Amino acid sequence: MAGVAQRTRFQALCQALRPDLVRFAFWLSRDRDLAEDVVQETMLRAWKARDSLQDEASAKPWFLTIIRREYARSFERKRLLTVDVDELIASEEPTLAAADDENLRELRAAIFKLSAEYREPLVLQVLMGYSTAEIAAELGLSNAAVLTRLFRARQQLRVSCGEDTRLDPEES
Amino acid sequence: MNCVQYRRSLLEDPQHRDTGKRRHVQGCPECARYTEQIRAFESRLQHALRVSVDPRSGNRGGRPTARVWPVRWLAMAASVAAAAVIVGSLWLAASERSLAAAVVGHMPEEPQAWSNTDRPVAALKLEAVLRDAHLRLKADAGLVTYASSCSFRGHQVPHLVVQTRVGPVTVMMLTHETALTAMHFDESGYQGMIIPMPHHGSMAVLERGAAIDMHTVESVALQVENALDWTA
């Protein structure tokens, strides 16, 4: 039986990290309800495996790895083979909407439309503050592959949002 | 490094800087303009990814979840979630709100900091304030018009003001205050955010007045964060 102090500490940690974990799961799944489910299940798995977390400073990447596994499991269970992005955007309108800022909504919709191979490293870098090497380790890619994906992700977003891309470099 | 290599690297990782990049952009006005464009876009991207999340619970309206959990797991989930809501929200709310409240509470102590001015603070003064916190600020942090070493919760911390087109924005480097995650606050006429600075505590960025613009706060936060150079 875990001690009260350990449980309290763990719960506080979960609570503190939860907003970013839900955001990560949301951008991964593009489904708010699924994101909430995945995070909840992640926390349960994390609790069961809490002894493997040596250092609270590394809790966030530890949780993110579990979230990615959980999401993969849910994906397999649901067998979501095809996705209509416009339907997804419509169904997640409350989350994508930004009061008084149509540009922000447009950018969120553009992120939705990015393929997962570009969206995921971008979210890890921009939202989670991962370095290229950390993204590469998490996704099992080379550093060069991560950088290419990040480059393409931003390039596509800029085009989708009607940014001035005249100075953007071409893909080599 | 040529222009194409520089711009490509900017699209790969706008936060990453090294000597080669700095040297290139200093000698290339077009790439300097491009850097500004990309930084502005990056700031919007950060904002866009930070969708609103209720930090206190897993409650959600709308569609039912597609998954049916085994009863044992459901019971565990309910137990963990409920306890997390109660204990965690008390802990989190207390620590983060109290930090935000302390930052806001410090503001009336230095009303002169909020002046609208285009006169930069003396470089030596800025350097001295930052040195105490083992910090340097690169030139692209923006127009810093105020710098003071302030006593905050038992430590001396840099208190800076950066001028923007909508007015002054205050930045406090809370090197002794750990924040696990970024949070926004709205207290007593001040709005801002506290951002974790891994291994260096946190940073509070805030604005006041009727025309508060959180985009500006976030842009200044990003701008200052990019310009920080830790010396220890």
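Considering the range B:143-165 alone, what residues qualify as being free of Cβ contacts under 8 Å to residues at least 40 places away in the same chain, β-branched (Val, Ile, Thr) and farther than 16 Å from B:Ala133 by Cα? Passing the criteria: B:Val144, B:Thr145.
The residue list B:Val80, B:Val87, B:Val162 contains one member that is surrounded by 16 or more Cβ atoms within 10 Å (Cβ to Cβ), modelled with pLDDT of 85 or more and among the aliphatic types (A, V, I, L, M), which is B:Val162. For the range A:122-131, filtering for residues that are in a helix (DSSP H, G or I), at the interface with chain B (Cβ under 10 Å from one of its Cβ atoms) and under 22 Å from A:Ala59 (Cβ atoms) leaves 3. Sub-6 Å Cβ pairs linking a first residue in the range A:132-144 that is outside any helix (DSSP H, G or I) to a second residue that is at pLDDT below 90 and of a type in the set (S, T, N, Q), at least 6 apart or interchain, number zero. Within the range A:50-74, the set of residues being modelled with pLDDT of 85 or more and more than 15 Å from the chain's Cα centre (by Cα) comprises A:Ala59 only.
Determine, yes or no, whether B:Lys138 is of a type in the set (D, E, K, R) and without any contact (Cβ under 8 Å) to a residue 24 or more places away in the chain. It is false that B:Lys138 is of a type in the set (D, E, K, R) and without any contact (Cβ under 8 Å) to a residue 24 or more places away in the chain.
Residues in the range B:108-133 that are closer than 21 Å to B:Glu225 by Cα and either within 18 Å of the chain's Cα centre (by Cα) or not in a loop (DSSP other than H, G, I, E, B) (or both): B:Ala113, B:Trp114, B:Ala123, B:Leu124, B:Lys125, B:Leu126, B:Glu127, B:Ala128, B:Val129, B:Leu130, B:Arg131, B:Ala133.
Scanning the range A:1-30 for residues that are at pLDDT 85 or above and either touching a strand residue (DSSP E or B) at 6+ places or on another chain (Cβ under 9 Å) or not polar (S, T, N, Q) (or both) returns A:Arg18, A:Pro19, A:Asp20, A:Leu21, A:Val22, A:Arg23, A:Phe24, A:Ala25, A:Phe26, A:Trp27, A:Leu28, A:Arg30.
The residues on offer are A:Phe151, A:Phe112, and the sole one that is among the aromatic types (Phe, Trp, Tyr) and under 13 Å from the mean Cα position of the chain (by Cα) is A:Phe112.
The residues of the range A:20-36 that are at the interface with chain B (Cβ under 7 Å from one of its Cβ atoms) and in contact with a Ser or Thr (Cβ under 6 Å, 6 or more places away or on another chain), listed by number, are A:Asp20, A:Arg32, A:Asp33.
Are any of the residues in the range B:167-180 of a type in the set (A, V, I, L, M) and more than 30 Å from A:Leu17 (Cβ to Cβ)? Checking the range B:167-180: not a single residue is of a type in the set (A, V, I, L, M) and more than 30 Å from A:Leu17 (Cβ to Cβ).
Summed over the range B:26-35, residues that are touching a helix residue (DSSP H, G or I) at 6+ places or on another chain (Cβ under 9 Å) and within 13 Å of chain A (Cβ to nearest Cβ) total 6.
The values are calculated or read from the model by the stated rules, or taken from the named source; none is laboratory data. All of these numbers come straight from a predicted model, not from anything done at the bench. For neighbour counting, all protein chains shown are included, and Cβ atoms are generated from backbone atoms with ideal geometry for every residue, glycine included.
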